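Shown next, in structure tokens, is the structure this report addresses.
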Amino acid sequence: MRLSSRLTSLSALALALTAITPALALAQNKPEDSYTRLEINGSGSVKAAPDQLIARFRAESRDKTAAAAQKAVNTLVHHAVEQSAKTAEVKAAVLEYSVSENRPDKAPASWTASQALTFTAPDGSALLPLTGDLQGEGLMLEDLSWSLSPENQKKLTLDAEKNAVEDLKKQADTLAASLGLHVVRFASVSMSSGGFPRPVMMMAMAARGPAADSAPPPSSTAEVQTVRATAHATVLLAP
């Protein structure tokens with residue numbers, strides 16, 4: 001009798017599952033246009049101290065001949081790179097080079113040569129004194145800016161995107177509940193970064209002449225920067 005009773009119970013359970021399974025499959029295969037669609041936007045942000053200081057310089061010389069102007073610029077750049085190499089934390093990059101002839105109306109023709117170069121360091125302890133020295137040697141400081149390194153920027157952008165997704169989820173649950181519905185799933189999600197934070201810059205500073213050798217090097221404050229991300233989602237709701 002016990003075996004017969006158990007078989008009867010199992011048969012009843014099997015029949016119940018057989019009846020439920022098509023209903024579940026139907027719910028899973030329900031077309032999207034049968035749900036209530038909710039379009040929402042979310043945002044997220046993270047704050048971090050900059051971890052990169054960049055000094056942008058220009059070496060420039062004007063002379064009667066192109067050769068003389070270029071020689072002066074080459075010498076300035078060579079000495080600047082040599083000086084930066086003494087500090088392992090500072091990375092130098094020698095960039096665009098240009099030479100042009102000047103023909104004023106009432107003055108002899110001349111040639112101008114110039115080259116841009118940048119020096120990057122994780123902080124100002126080594127770069128700021130170097131910046132002052134290079135100004136004293138005749139290079140023009142075009143700007144001095146704090147920013148986020150590419151590696152840190154990538155990590156912080158991902159964190160901001162995660163916060164934007166959390167914002168989407170909270171909005172979806174709250175709005176669905178206020179409508180007397182529940183979230184079935186997110187049909188689509190798109191992300192966009194809020195753009196890189198603007199570097200904190202100083203204005204261009206002219207090269208310091210010999211009389212300014214005793215002047216202090218430039219200073220710069222590393223202000224906290226904000227990385228932002230936005231998200232858009234289409235959410236499917238049902239009773």
Identify, by number, the condition in (1) closer than 30 Å to MET191 by Cα; (2) in a strand (DSSP E or B) that GLN153 doesn't meet. (2)
Within the range 83-138, how many residues are of a type in the set (D, E, K, R), within 25 Å of PRO50 (Cα to Cα) and in contact with a helix residue (DSSP H, G or I) (Cβ under 9 Å, 6 or more places away or on another chain)? 4
Restrict the check to the range 107-130 and report whether at least one residue is surrounded by 12 or more Cβ atoms within 10 Å (Cβ to Cβ) and part of a loop (DSSP other than H, G, I, E, B). yes
Criterion (buried (at least 16 other Cβ atoms within 10 Å of the Cβ) and not β-branched (Val, Ile, Thr)) met by exactly one of GLU161, GLU151: GLU161
How about the range 66-82: which of its residues are within 30 Å of the chain's Cα centre (by Cα) and surrounded by fewer than 17 Cβ atoms within 10 Å (Cβ to Cβ)? VAL81
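None of the figures in this text is laboratory data; all of them are computed from the coordinates on show. If you're wondering where the values come from, they're calculated on a predicted model, not measured in any experiment. Glycine also receives a Cβ, built like all others from the backbone with ideal geometry; neighbour counts cover every protein chain displayed.
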